Each structure stands twice: as C-alpha cells, then as structure tokens.
Amino acid sequence: MQDSGYPVATLAEATHRADLVIYWACNPIHAHPRHMTRYPVFPRGFFRERGRKDRTLIVVDPRKTDTAKIADIHLQIEQHKDYELISALRAALNGLTIEADKVAGIPTEVIYQVVDTCKSAQYGALFFGMGITMTRGKHRNIDNAIRLVIDLNRYTKFILTPMRGHYNVNGFNQVASWITGYSYAIDFSRGYPVYNPGETSTINLLKRGEVDAMLNIAADAGAHFPQKAIEHIAKIPLICIEPHKTPTTELANIILPPALAGIECDGIAYRMDGVPIELKKIIEPPEGVLPDREIIERLIKKVKEYL
Amino acid sequence: MELIIKNGIVFDPANGIDGEKMDICVKDGKIVESVSDNAKVIDASNCVVMPGGVDPHSHIAGPKVNTGRIMRPEDSLMEIYKKKGQFKSGTGFSIPSTYKTGYQYSELGYTFCVEAAMPPLKAKHVHEEFVNTPQIEKTAMPLFGNNWFVFNYIIEKDFKALAAYVAWVLKVSRGYAIKIVNPGGTEAWGWGMNVHSLDDPVPGFDITPREIIRGLAKVNEMLGLPHSIHVHPNNLGHPGNWETTLETMDCVKEIKPAPRVGNRETVYHNTHVQFHSYGGTSWKDFEAKGVEIAEYVNKNKHVTIDVGQITLDETTTMTADGPMEFDLYMTTRLKWANCDVEVETGSGVVPFIYSPKGPVYSLQWAIGLEIFLYTKAMDRIMLTTDHPNAGPFTRYPRVIAWLMSKKYRDEWLYNKVHKWAHQRSRIGDSDREYTLYEIAQVTRTNAAKVFGLTEKGHLGVGADADIAIYEIDPEEKDGKKIEKAFRYVKYTIKRGEILVKDGELVNEKYYETWYVDVKVGEELYNEVLNDIRSKWPKLYSVSFENYPVSDKLANSWKVVKIDATDIN
C-alpha cells in the first residue's frame, strides 16, 4: 500500500455492481463465512438483480477448497507462485506475449482468457487473503496485485479488498495513523513517532532482544509470532489486557481481563473496508471488570504519577 | 476571566473597522464593551489584531485524510513536531496527524475549520478524528451529489421528501452543509466512467448534474441552512473546464437565498475555483481563465468562491471526485488510493508534486493568483489551498505574502516559476496589492458570513473572543516578513484564553463540533424515514440503527437548531 496505493470500495459496492468476483488465496467459506452470502457473491444488488447468476466467480488457490469448488473458474496455482501469475496477468493485459506454455501451473491460454474476462467485466472485485500476503514474496505480491488492479482500471472498473481478520486490527491502524501519521511499528523513544518496519516493528524488536517489558493488548503474540520472538517474551515481564485464555496469557506475569466490547461495554470497530461500526453494551460486565479504555487510562494516570 | 488587548491596530471588516488603533475587551469568552481594572492586559502595540481565522474548506479529518497518512509515510518525515510538555508529538507536512493539525491552525491564528467532505457512512471516522483535534472548532460537510436517495427524490421531483432526507442525514451524520462533488461523475466512476457536462446523463439513473445541483440548491433554501450549497463542479482539473464552471454557477442564478440562521446573501459556493478556471483543449494549449471567472463573480451576487491556491509544494491530493484522481494518477504513476462508498459517494487519494519548474503547475499557480487579483467583489472570495490538494494550510502565510507584495509575487513570477505563468496569464499586468483589511476579509470575515457563523469572524460586542494578533507593520512589503508574521502569531486567543504566545503553543484546549439539526414537519419526516428504512436493507451493508453518529463522538457538540416545520 505504501508503494502502490489502495484502490478499494465499501462492501456493498460489490453487491450492487460486481459482475466479476475474484477470491485470491483466501477461503471465505471457512475463514469469513458470511462474506459471500452477505456481500459480493450471492445477494441481489441494485444493478445485479439476479445475484449469483449475474456474476462470474474466480478463485485462485493451490488447493481445491470449498470456495474453489463453487467457483466458475478455479485457477489452481502452484504454491508460492502468486507473484509470477500476477505478473503474467499484467503482461497479458498490457499486450505482451507470454512465451511459456504455463505460468505458475496455469496454462497460458487460460491466463489470456482470464484477462479477457476481467477486461470485459463491468465491475471487478478482487478479495485477497493471507495465502498471498504471508507466502513467498509477502507484501510484494500485494504490491503487484495493486498494480494489476490499477492497470485494469484503464479498461473497466476494478477494486480490491484485503480479507482482514482478527476483528478490529483496522481500527488500530486507523487510530495510530491519525494520532502519529503511521499505521503500525511506531517507535516513540525519540520523543516523536518513528516508523521503519523491520527495525521498529514488534517482532524485530523482540528478536533483537531490545525490549525489556511488554504490554500486550488483545493480540495473540504467543500463537502468531516466530519462536525467537516468543523466547524473548518469556524472558521479560509481560502484561496482558485480554479477556480470554490464550497462548500469550500463558506467558503473562499479569493479566488484566477487560470487559468485552460489543457485549459488556461499547466502542467502535473499523470493518475491513474502513466502515466504522458502533458497538453496543448489552449486559453489565462482571464486578470490577473494566473496559480496555478505562484500564489504559488508569495505567497512564499511574505512569504520570511516577514521572 | 477578563482580558483587554491594548493599542492594537484592528482590522474587523464585518464591523467596518479598517486599521483603527483601539482596545478590545474580553469577558467570559466573549467580546464585551468594557472590562474592570482587574483585567489581564495584553499589549498589542505595533501589532495587528483580527478575528480568529475561519477556514471554509480544508480536508483535515476522516477516511480519505487517514488513507493519505497511511499511504504516505514519506510525508510524515517532511515535518515533525516533537513532544513538548503537555503538547503531543505529531508528523506530516501535507497530511499532518490530528494534534499537529490543531496546533498548526492555532499557530496561524485560525480558530474554526470546515472539513470539506464527509461520506455519511463513514461520518463516525471523521468525528473520531475531530475528538483528537485540539485548538479549533470544527464542522464537516456531508456529501450529497452522488447519493442514490437524492437522485431518486429529484427524479420523482419530490423536493419536500428530499428536504426531509437532507435534514435527516445532516442530523444523523452530524454535518453542517450540503457538499456536492462532481455531481453524477462519482456515481459514474462506480463503472469507471465520468460525466463531462452539466447535461450528461448519469449512467444507471435518469438524471443530469444540472438537475442534481438545482435540486439540492432549491432544498438548501427550503431548509434555510446557514451555508449555501458547497459545490465542486464537474470537470475539475481539465483544460477547457471554465465554461462548465460558468454554466454551473449560472444554473442556480434565480434561486433566492433564504437562510434561517445567519445573514448569507448567496446561494452557491464554488470551492477551489482555481481548479475550475482552465482554458484550452489540452495541456499543450492550456491557458488561464481566472480573469473570466473573477469577472463573473464580480457581476453575479449569488456566488461566493474560495480559491484553492496552488503553493508549488509536494503534497497529497484527495477528493470525493474519484474519476479525477484516477486521471491524475495516470499523469504521475506514483500511487493511487480509491474508496467508493456504497449508495453515497467515492473518493481518491494521489500524492502530487507541484514543481515550480513545471509549465502547467506554474500556470495553475498563476491562475489562482489571477482570481485573487481580478476579483473586486471582496466580500465573496475566500483564501484556501483546498488543503492539502493545492498545498497545505500552513502555506496560507505565503499566499498572503504573494497577495500583499507585488515585489514578492514578481520575484516568484519571473525568477522561480516556469515562464508559462507570465506568458499565459495576466498576473504580471496587475499591480494590485491586498490591504490587511482585504486579507482579513478573505481569511475570516467572508467565511464566517457565508457559513452563518454569527459569533465568529468579527470583533463586535457579543462575538466569541476568538482573536489573532500578528506582529506586523500594516505597510510591510517584505514578503518574507509578511510570511513569518502570519505563520507564527504573536497571540492566538480563543474564547478568551491564550492558546499561542509569541508563536509558541501555551495551552491545549478542545472545542465543539458543530452540526445542523433541522426540524421539518413531523408527518413528512416520518413518511420519508419509513421510505428510507424500507429501502435500507437492500442498499447498505450496515444496519439502519448503526448509521447515526452517537452523542459520544465529540468533545462537545454545538447544535444549530432550525425550525423548518413549515415544510410538511
């Protein structure tokens, strides 16, 4: 995104307009079970009155997933070859000749067909998942995919949307950006925000052993971070603000269980497409259990007393 | 708490005060006739005193702005505020983080700011950022020009229903005025298309931009909103667009202003008109039409404009004009963000480098100044840079210097920018230099009036004590000195409290977010609400109940209540 941009749309745009939907390296039937039924595939839209029948569904996945099974076209790509396939699609789109018979396991003629399908669509929506962002090439795959979507906009309308998970990660990125100018990996130690992923990102700091205490809020580092980072977490004091028992809380010295937003307290979460949703409080939290916000406010107050 | 500002040279155009040496008295956050002997004295000798600045159009908060921040870490590196005592750190030159935005506005002596474009579906995001924006009062204009409900009510010619719908959106999104951006064009961009004239049909709907603008202008006056419709016409940034601009201004000419709050006398605000004053047919024969636009404004009293002056910086462009941003991207190939918002609008964000060496950019710069220099209707023109589109708001002081000093302007014109600027525009012919009275008009008085902010933009008794004091000789002609004086105020006082002293922040305060709550006839309102509610589930990806912005999303609200129950 920082290299190429971010051509996106809110979720119902695809519902109303998309006649071509591509899921790339994600399996929404299992990972985002309501995505297809609520937004871009099955529902009837303002300009797509017949719902699913009005749309072509392409799935790019090395496995024959349940999502791939209901696709009109399944591109069974070889693992770790996303970058190659995106490049081939871009080459075909930009009028270059692909000399190989196959790219990333996909026959060249199919690549040309897919490009034709994309160009002749009135509105294309590409959704991508962790299968592309966390395999070989990582963020460079997305960089290339963004360029593909941008190239396609010279012919028709095309957007992309990351299939973000983990609830409100986007909310953190948004708030961090308006407060500091950066969306993550922010180092405040110089008295102003510094951002240099690879240097100031959590995993790298932990791996280098530069961190001597950790406050973990709603993240599950224990389940998702590399072993070397976790080894360092085990050595240092860890405070978790976390309502559940997780691999991370197993390592914690102190656990502060907060009220659950949307159940025991209110709040705002940012959806994967950036739409903010207000969460309501339905029941009282157990006695003495505070919302995250209040826990943090109290911590800040205490810290200020020591300064 | 009492204050007396002594011996300043006061410029207060709303009250006809043109550089008189006088004292200004403040009590409990308001301007008063006199104060007791206990009042704190501020010595303003050799200083100029003006009302706090009012920015009528600036993109400071919300989804687009934040997308710009996320997409452009390189912009953050260009300007950094370090943490200092109670003041928070921040980054960003063209898209500063929220605290820095507030701090910098108060360093310029500005105390009120209008966020230029708010998608109602993402209004919560705008208001969340407002909560973290100190030092200024703020308000936002929801986007209506590509909204499907608006289209349908206009197609059905049901203007009462449209009025009720607009009233409802203003209330639930907590917005202030009707913003129209590339009417019909952003909807067309939903299909990768655009509209190019006032009478082009909008794909998928039986409507034209002319009908959208006229319909909303009519409803604006039925509701009696404090501000007129706020329009970014079709064809922004395209050579030859000046004719579309004049046609758009002209299409609402016979509509009569009828504000129920404030004393606005106009029905149409053309924002960043510099981007809409282009002649020629391509970038090769591109030419200035700023003078023609200025002459139209001089003659036609229903129009106000803000300029959107190019400052020739590296900046970040952002607008709800989705197709324009894609065209812009195609010229730079740097990076392109876009977000189409269901049912309502779209947007694009593209970084842009306006190099003084570029012929087109230099001429754009000259066109903005042409509009400033040839406009004689000084009560209907405002200074903006369409922050951050034509340049960041922190460049207002430089724009002021270009306007006040012919010498400084010519130094840029003949030494710094490309020769197209003097060859293809008429700014070299103008000897005009703005007076401080005129600077006060374009930076505070006019904006306060056209937004119906009766207690802002002037220093009469009863006004809010929002005051800027600049250390400058009224006869100063040295561009650099003018720029410095307006960049860092001697004092910014808001509601009687000193926020900035000698260019340094001394106080961090949080103020109200403004919105308009118009009451239309109850029966009509319920009827329209039922209509909206019945169509809602098929249109939106959020529930009807989740759409409104809740009370919690402001430090405090300032509600402008309007009784329009005669619409029923």
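The values are calculated or read from the model by the stated rules, or taken from the named source; none is laboratory data. Note that the structure is a prediction, hence the values are computed from the model and not measured. All Cβ positions, glycine included, derive from the backbone under ideal geometry; neighbour counts span all protein chains shown. These area figures cover heavy atoms from the full protein model, side chains too; ligands, DNA and RNA do not enter into them. Shrake-Rupley method; radii C 1.70, N 1.55, O 1.52, S 1.80 Å.
Pairwise Cα separations in segment A:235-287 fall into 5 Å bins from 0 onward with the following percentages, short to long: 5, 19, 18, 17, 17, 15, 8, 2.
Estimated from helical segments only, the mean residue ellipticity of chain B at 222 nm is -9000 deg cm²/dmol, where each DSSP H run of four or more residues counts as -39500 (n - 2.57).
Between B:S36 and B:D566, the contour length at 0.36 nm per residue exceeds the alpha carbon distance by 186.2 nm.
Go ahead and run the numbers for FRET between B:K256 and B:E74, Cβ-Cβ distance against an R0 of 56 Å, rounding to 0.05.
FRET efficiency, B:K256 to B:E74: 0.70.
Where only protein heavy atoms count, and the probe is 1.4 Å, what is the accessible area per residue for chain A in Å²? Result: 50 Å² of accessible area for each residue.
Grab the beta carbon distance between A:E297 and B:E497, set R0 = 25 Å, and tell me the FRET efficiency rounded to 0.05. According to the calculation, E is roughly 0.50. Each part gets one Cα centre, and for segment B:515-568 versus segment A:246-307 those centres are 31 Å apart.
Equivalent ellipsoid of segment A:169-304: semi-axes from √(5λ) of the C-alpha gyration tensor, largest first, are 25, 20, 15 Å.
Taken about its Cα centre, the protein assembly as shown carries a charge dipole of about 1260 debye when Lys and Arg each add +1 at the Cβ and Asp and Glu each add -1 at the Cβ.
Hey, if you drop one equal point scatterer on each alpha-carbon of segment B:50-505 and run the Debye formula without solvent, what base-10 log of I(q)/I(0) do you get at q = 0.08, 0.10 Å⁻¹? Results for segment B:50-505 at q = 0.08, 0.10 Å⁻¹ read -0.40, -0.65.
One quarter of the surface of the convex hull around the alpha-carbon atoms of segment B:64-154 equals 7.0 nm², the direction-averaged projected area. In this structure, B:S355 and B:E523 have a Cβ-Cβ separation that, at R0 = 56 Å, corresponds to a calculated FRET efficiency of about 0.45.
Plainly put, the protein assembly as shown has a radius of gyration that is 0.97 times its Kirkwood radius, both from alpha-carbon atoms, as the Rg/Rh ratio.
Using a 1.4 angstrom probe on protein heavy atoms only, the contact between A and B buries about 4600 square angstrom of accessible area, both sides summed. Once both labels are positioned 7 Å from their Cα atoms along Cα-to-Cβ, the gap between B:D327 and A:I98 label points is 3.4 nm. For segment B:263-271, 3J(HN,Hα) computed residue by residue from phi via the Karplus equation (6.51, -1.76, 1.60; θ = phi - 60°) reads 10, 4, 10, 10, 10, 8, 10, 9, 7 Hz, glycine and proline entered as x. Among the listed pairs B:K256/B:K301; A:K245/B:K124; B:K64/B:K416; B:K509/B:K552, which are separated by more than 21 Å between their Cα atoms? Where the Cα-Cα span goes over 21 Å, the pairs concerned are A:K245/B:K124; B:K64/B:K416. Contact order, relative form, for chain B: 20 percent (alpha carbon pairs under 8 Å, 6 or more residues apart, mean separation divided by residue count). Each part reduced to its alpha carbon centroid, segment B:1-76 and segment B:88-130 end up 18 Å apart. By the rule of a C-alpha distance below 16 Å, with chain neighbours fewer than 8 residues away ignored, the lysines paired with B:K561 are B:K171, B:K519. Using C-alpha pairs below 8 Å separated by at least 6 residues, the relative contact order for segment A:11-162 is 27 percent.
The largest-to-smallest principal axis extents of the Cα set in segment B:1-73 are 54, 28, 21 Å.
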